[in-house]
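Asker: Mind having a look at this structure? Questions to follow.
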Amino acid sequence: MKYYLMKSEPDCYSIDDLKKDKTTSWSGVRNYQARNFMMDMRKGDEILFYHSNAKEIGIAGIGNISKEAYPDHTAWNPKDEHYDAKIAHGDPRWQMVDVRFVKKFPHVVTLDTLKNTPSLKNMITLRKGNRLSITPVTKKEFETIVKLSEK
DNA sequence: GCCAACGTTGGC
DNA sequence: GCCAACGTTGGC
């Protein structure tokens, strides 16, 4: 079992949307590093759902991987916001996974809290200038954040 | 809305 | 292969 953090702008897609939908396909990732992490994901791996560019920035809940990486067809659709004109139709360069809702935290574990928790200081997403939308987290980091959400 | 930090692109 | 220019991300 592995653990990841996935960022989403709640104006675009929030933990409440995931709760309502039950599962969603994580399409639109156009960054090679983030894609590679998705390709490492296995069914059942757990993810921290992070709200970026939000009124309340931080981790809003938990999901898990319900379907492993498969081609992101939105890259081939000229009408899609994440259309990639540089690849051929059918090119499986960009991939997505399906994420299932697990729980919404009773309160957001804010970025401020994350920064002020010494055992989380190595989290990739907290490093200066990091913009990766998908990053691995350790089991310990995952469990620490779950505990913070219960406080 | 600003801007620092980063990834990508393309000319050479 | 270098690197300047550009576009994007995301916190503030």
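Asker: Out of A:T74, A:T24, report the one residue that is more than 21 Å from A:L148 (Cα to Cα), of a type in the set (S, T, Y), away from DNA strand B (no atom under 16 Å from the Cβ) and in a helix (DSSP H, G or I).
Answerer: Working: A:T24 fails: in a helix (DSSP H, G or I).
Of A:T74, A:T24, the one residue that is more than 21 Å from A:L148 (Cα to Cα), of a type in the set (S, T, Y), away from DNA strand B (no atom under 16 Å from the Cβ) and in a helix (DSSP H, G or I) is A:T74.
Asker: When only residues in region A:104-120 that are under 16 Å from A:A60 (Cβ atoms) and of a type in the set (S, T, Y) count, which is nearest to DNA strand C (Cβ to nearest atom)?
Answerer: My answer is A:T110.
Asker: Residues in region A:25-72 that are without any contact (Cβ under 8 Å) to a residue 12 or more places away in the chain and surrounded by 15 or more Cβ atoms within 10 Å (Cβ to Cβ): how many?
Answerer: The number of residues fulfilling the criteria is 0.
Asker: Hey, another quick one. Which ones in region A:6-18 are away from DNA strand B (no atom under 16 Å from the Cβ) and either closer than 18 Å to A:I145 by Cβ or in a loop (DSSP other than H, G, I, E, B) (or both)?
Answerer: Residues satisfying the conditions are A:M6, A:S8, A:Y13, A:S14, A:I15, A:L18.
Asker: Go over the candidates A:K104, A:K79 one by one and state the one that is surrounded by fewer than 20 Cβ atoms within 10 Å (Cβ to Cβ) and part of a strand (DSSP E or B). Working first, answer last.
Answerer: On the way: A:K79 fails: part of a strand (DSSP E or B).
The conditions single out A:K104.
Asker: Still on this structure: Looking at (1) in a loop (DSSP other than H, G, I, E, B); (2) closer than 23 Å to A:D17 by Cα; (3) more than 12 Å from the chain's Cα centre (by Cα), which is the one condition that is false for A:V29?
Answerer: Looking at each condition in turn, A:V29 falls short on (3).
Asker: Ok, one more. Looking only at region A:121-151, count how many residues are away from DNA strand C (no atom under 15 Å from the Cβ), free of Cβ contacts under 8 Å to residues at least 24 places away in the same chain and part of a loop (DSSP other than H, G, I, E, B). Show your work before the answer.
Answerer: Residues of region A:121-151 that are away from DNA strand C (no atom under 15 Å from the Cβ), as a first pass: A:122, A:138-144, A:146-151.
Adding the requirement that they be free of Cβ contacts under 8 Å to residues at least 24 places away in the same chain leaves A:122, A:140, A:143, A:147, A:151.
Still in the running and part of a loop (DSSP other than H, G, I, E, B): A:122, A:151.
Qualifying residue count for the region: 2.
Condition check ((1) out of contact with any Gly (no Cβ under 7 Å at 6 or more places or on another chain); (2) small (G, A, S); (3) closer than 19 Å to A:K19 by Cα) across all residues:
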{"site": "A:R42", "(1), (2), (3)": "yes, no, no"}
{"site": "A:G61", "(1), (2), (3)": "yes, yes, yes"}
{"site": "A:T74", "(1), (2), (3)": "no, no, no"}
{"site": "A:A88", "(1), (2), (3)": "yes, yes, no"}
{"site": "A:F101", "(1), (2), (3)": "no, no, yes"}
{"site": "A:K104", "(1), (2), (3)": "no, no, yes"}
{"site": "A:K140", "(1), (2), (3)": "yes, no, no"}
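Asker: A further question on this structure: If A:T135 satisfies every condition in (1) within 16 Å of DNA strand B (Cβ to nearest atom); (2) in contact with a Pro (Cβ under 9 Å, 6 or more places away or on another chain) but one, which is the exception?
Answerer: Exception for A:T135: condition (2).
Asker: Looking only at residues in region A:1-20 that are within 12 Å of DNA strand C (Cβ to nearest atom) and of a type in the set (A, V, I, L, M), which one is nearest to A:K139 (Cα to Cα)?
Answerer: For region A:1-20, the residue satisfying everything is A:L5.
Asker: Say whether the condition of being more than 12 Å from DNA strand C (Cβ to nearest atom) and more than 19 Å from A:Y13 (Cβ to Cβ) is met by at least one residue in region A:59-68.
Answerer: Within region A:59-68 (the criterion being more than 12 Å from DNA strand C (Cβ to nearest atom) and more than 19 Å from A:Y13 (Cβ to Cβ)), the answer is yes, since at least one residue qualifies.
Asker: If you don't mind, another one. So in region A:32-67, with the set limited to residues that are of a type in the set (F, W, Y) and at pLDDT 95 or above, which one is nearest to A:L126 (Cα to Cα)? Write out each step before concluding.
Answerer: Within region A:32-67, the first condition is being of a type in the set (F, W, Y), and the residues that meet it are A:32, A:37, A:49-50.
The next check asks that each one be at pLDDT 95 or above; those that pass are A:37, A:49-50.
Working: A:F37: 17, A:F49: 15, A:Y50: 12 Å.
Step by step, filter region A:32-67, then rank; the result is A:Y50.
The values are calculated or read from the model by the stated rules, or taken from the named source; none is laboratory data. Since the model is a prediction, treat every value here as computed from it, not as a measurement. Heads up, the Cβs are rebuilt from the backbone with ideal geometry, glycines too, and the neighbour counts pull from every protein chain shown.
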